[in-house]
Amino acid sequence: MDHTSRYDLDRDALGSVVEELAPGSPRYRAAQVWDGLHRRLLEPDELTELPRPLRAALRGHPAMAPALELDREWETDGGRTRKWVWRLADGKRIESVLMHYDASANHQARSTVCVSTQAGCAMACGFCATGQAGFERHLRVGEIVEQVTRAARSAAADGRRLSRVVFMGMGEPLANYDATLAAAHRMRDDLGLSARHLTISTVGLVPGIHRLADEGLPINLALSLHAANDAKRDDLVPINRRYPVAALADACRRYVERTGRRLSIEWALIEGVNDGIDDVRDLAAFAKPLGAHVNLIPLNPTPGYAVRGTAPARVQSFHDELRTAGVNATVRQTRGREIDAACGQLAAGQVGAPVRLRPRP
């Protein structure tokens, strides 16, 4: 069954839809629709510069249907963190998370959306709720892009501008490479987001990292490392058995050299598993030659992984030991844990109990 949606269409396909619905229309009509959907983030009904019959026809055309149907929505952090569960046309569910950050001494105020690239995930990392749920399917370009447009509309309603997109939701972005890259280009070229404000996260798909290095797109790369020796990483991140640490380091080195972008390393601190002094040494040996920045994230709880996150005092000492070893590191602020919206907790609304349920509109 064809589930093509409005953001799956490229410019030519959208032009064909407009010509089908209003034969002989001036060519700028299709450009108006494209601009309205992308730059202005409008629904077809809101494109008041179009003739009323065309607006009505667009509303009823199957290819112009939205890809995402709101299933559930939660808020926490005083409304600064919002999670959506979206139902797709085939009944699969995905999640995306919008986070507002206030201005600080080091950062301007910003709004970031974390988007999914797959329904489920095949990487089978045991400490991640999405990995525990298993893989269902890849998302299409339109299903990825529409998560961003929905978040941008929500941010605008809060008086904010969406400034960053992180491909860190459900799924492994580089396993759905073509759709992920097409979505990134759409965000840069049509939604007006800088490629430097887009971040793709990967657990270490080496061929995908090499492909990304050759794209000529100055996008950020975040590596979910979690262990920096093969024996430990084989257990925590099973894809390491195919692409071991040395090959991963080589791919990241090439990415940094080709793009000039700084590599980010994500490290979920798990009590008694990867928070010891040997782990500091291994991580420093991996990160320092790459000039990488390390984000330390105390493990967020999930039902399928009983081990606790590292205690705050040890998180801070791990951070300090890394800094002493010459590695730039930050302890990341945890957002959305109460609504299962934090790193590693996304499982399409199947995990935990939200503290605030907003009614479906």
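The values are calculated or read from the model by the stated rules, or taken from the named source; none is laboratory data. None of the values given here were measured: they were computed from a predicted structure. All Cβ positions, even for glycine, are placed from backbone atoms using ideal geometry, and neighbour counts span all protein chains on display. Quick note on the areas: whole protein, heavy atoms, side chains included, nothing else; ligands and nucleic acids left out. Shrake-Rupley method; radii C 1.70, N 1.55, O 1.52, S 1.80 Å.
Could you go through the stretch 260-275 and let me know if any residue there is in a helix (DSSP H, G or I), out of contact with any Asp or Glu (no Cβ under 9 Å at 6 or more places or on another chain) and modelled with pLDDT of 95 or more. The answer is no, given that none of the residues of the stretch 260-275 is in a helix (DSSP H, G or I), out of contact with any Asp or Glu (no Cβ under 9 Å at 6 or more places or on another chain) and modelled with pLDDT of 95 or more.
If you check 126, 169, 131, 159 for being among the small types (Gly, Ala, Ser), farther than 18 Å from residue 87 by Cβ, at pLDDT below 95 and crowded, with 23+ Cβ neighbours inside 10 Å, only one passes: 131.
Considering only the stretch 29-44, state which residues are among the charged types (D, E, K, R), in a helix (DSSP H, G or I) and within 29 Å of the chain's Cα centre (by Cα). Result: 35, single match. Mind checking which residues of the stretch 31-56 are farther than 23 Å from residue 141 by Cβ and open to solvent by less than 30 Å² (accessible area, probe 1.4 Å)? Correct list: 50, 54. When the stretch 170-208 is filtered for residues that are among the polar types (S, T, N, Q) and in contact with a strand residue (DSSP E or B) (Cβ under 7 Å, 6 or more places away or on another chain), the ones remaining, listed by number, are 176, 180, 199, 201, 202. If you go through the stretch 4-20 and pick out every residue that is open to solvent by 50 Å² or more (accessible area, probe 1.4 Å) and assigned to a helix (DSSP H, G or I), you end up with 5.
Exactly one residue out of 326, 344 is touching a helix residue (DSSP H, G or I) at 6+ places or on another chain (Cβ under 7 Å) and modelled with pLDDT under 80: that is 344. Among the conditions (1) surrounded by fewer than 22 Cβ atoms within 10 Å (Cβ to Cβ); (2) hydroxyl-bearing (Ser, Thr, Tyr); (3) touching an Asp or Glu at 6+ places or on another chain (Cβ under 8 Å), residue 117 misses just one, which is (1). Taken together, the residues in the stretch 21-30 that are in contact (Cβ under 8 Å) with a residue 12 or more places away in the chain and either open to solvent by 60 Å² or more (accessible area, probe 1.4 Å) or not hydroxyl-bearing (Ser, Thr, Tyr) (or both) amount to 5.
Note on the stretch 221-234: residues that are open to solvent by 40 Å² or more (accessible area, probe 1.4 Å) and either among the hydroxyl-bearing types (Ser, Thr, Tyr) or without any contact (Cβ under 8 Å) to a residue 40 or more places away in the chain (or both) amount to 3. Please tell me if residue 238 is touching a residue at least 24 places away in the same chain (Cβ under 8 Å), over 20 Å from the mean Cα position of the chain (by Cα) and more than 22 Å from residue 115 (Cα to Cα). Yes: the conditions hold for residue 238. Checking each residue in the stretch 38-63 for being under 21 Å from residue 155 (Cβ atoms) and in contact (Cβ under 8 Å) with a residue 40 or more places away in the chain picks out 38, 39, 41. Return yes or no: is residue 95 touching a residue at least 12 places away in the same chain (Cβ under 8 Å), at negative phi and over 17 Å from the mean Cα position of the chain (by Cα)? No, not satisfied. Just wondering, is there one or more residues in the stretch 100-107 that are in contact with a Ser or Thr (Cβ under 8 Å, 6 or more places away or on another chain) and either at negative phi or part of a strand (DSSP E or B) (or both)? So far as the stretch 100-107 goes, yes, one or more of its residues are in contact with a Ser or Thr (Cβ under 8 Å, 6 or more places away or on another chain) and either at negative phi or part of a strand (DSSP E or B) (or both).
Of all the criteria given as (1) under 16 Å from residue 166 (Cα atoms); (2) under 13 Å from the mean Cα position of the chain (by Cα); (3) open to solvent by less than 10 Å² (accessible area, probe 1.4 Å); (4) of a type outside the set (Ser, Thr, Tyr), the one not satisfied by residue 100 is (2). Scanning the stretch 235-245 for residues that are closer than 13 Å to residue 125 by Cα and not hydrophobic (A, V, I, L, M, F, W, C), which turns out least open to solvent (accessible area, probe 1.4 Å)? Of everything passing the filter in the stretch 235-245, 240 is least open to solvent (accessible area, probe 1.4 Å).
Considering only residues in the stretch 246-297 that are open to solvent by 10 Å² or more (accessible area, probe 1.4 Å) and hydroxyl-bearing (Ser, Thr, Tyr), the one that is farthest from residue 131 (Cα to Cα) turns out to be 259.
Residue 300 falls short on exactly one of the conditions (1) closer than 27 Å to residue 197 by Cα; (2) crowded, with 16+ Cβ neighbours inside 10 Å; (3) touching an Asp or Glu at 6+ places or on another chain (Cβ under 8 Å), and that condition is (3).
Pairs are defined by a Cβ separation below 8 Å, a sequence spacing of at least 6 or placement on different chains, a first member in the stretch 205-220 that is touching a residue at least 24 places away in the same chain (Cβ under 8 Å), and a second member that is among the hydroxyl-bearing types (Ser, Thr, Tyr) and assigned to a loop (DSSP other than H, G, I, E, B); the pairs so defined are 205/243; 206/243.
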